[in-house]
Amino acid sequence: MLQINKIHHIAIICFDYKKSKHFYTEILGFKIQREVYRAERQSYKLDLSVNGLYQIELFSFPNPPARASLPEACGLRHLAFEVNNIKQTRDYLMSRNIDSEEIRVDEFTDKAFFFISDPDNLPIEFYEK
């Protein structure tokens, strides 16, 4: 029987590496574990962690295709991050000029959440603990 222990990481391909690196590190607070430039692929690979756990690989490639639609394209729908205080999180992001949806409440869990978009319009959800 197959045994999966946990999600190891999530890979994201971005269009503007510098802008996305700033977003994930300076605004969302992910820590850089390793950054490499792969000349043969004209590609950066940035390994990011949160709370000491490796979580995201951020890639750049020349001329990546655009996402088909938001958020209902086939494939990965969105990323969701757990936060302690949903209002403080939204206020912080808005103070950094990040557009945000209004806070909503999940009808099944009664937990508050909202969405933003990363620099490439990948939907990101913040979900209250």
Members of the stretch 102-129 found to be assigned to a strand (DSSP E or B), hydrophobic (A, V, I, L, M, F, W, C) and buried (at least 16 other Cβ atoms within 10 Å of the Cβ), listed by number:
ALA112, PHE113, PHE114, PHE115, ILE116, ILE124, PHE126
Out of everything in the stretch 89-129 that is hydroxyl-bearing (Ser, Thr, Tyr) and closer than 27 Å to LYS19 by Cα, what residue ends up being farthest from the chain's Cα centre (by Cα)?
SER95
Residue under evaluation VAL83, criteria (1) among the aliphatic types (A, V, I, L, M); (2) without any contact (Cβ under 8 Å) to a residue 40 or more places away in the chain; (3) not assigned by TED's automatic domain parsing to the domain that holds LYS19, criterion not met
(2)
Could you tell me whether any residue of the stretch 107-115 is of a type in the set (S, T, N, Q), assigned by TED's automatic domain parsing to the domain that holds TYR127 and more than 15 Å from TYR127 (Cα to Cα)?
no
List, please: which pairs have Cβ atoms under 6 Å, are six or more places apart or on different chains, and start with a residue in the stretch 48-69 that is of a type outside the set (D, E, K, R) and end with one that is assigned to a loop (DSSP other than H, G, I, E, B) and surrounded by 17 or more Cβ atoms within 10 Å (Cβ to Cβ)?
LEU48/PHE30; VAL50/PHE30
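The values are calculated or read from the model by the stated rules, or taken from the named source; none is laboratory data. All values reported here derive from a predicted model rather than from experimental measurement. We place every Cβ from the backbone using ideal geometry, glycine too, and count neighbours over all the protein chains shown.
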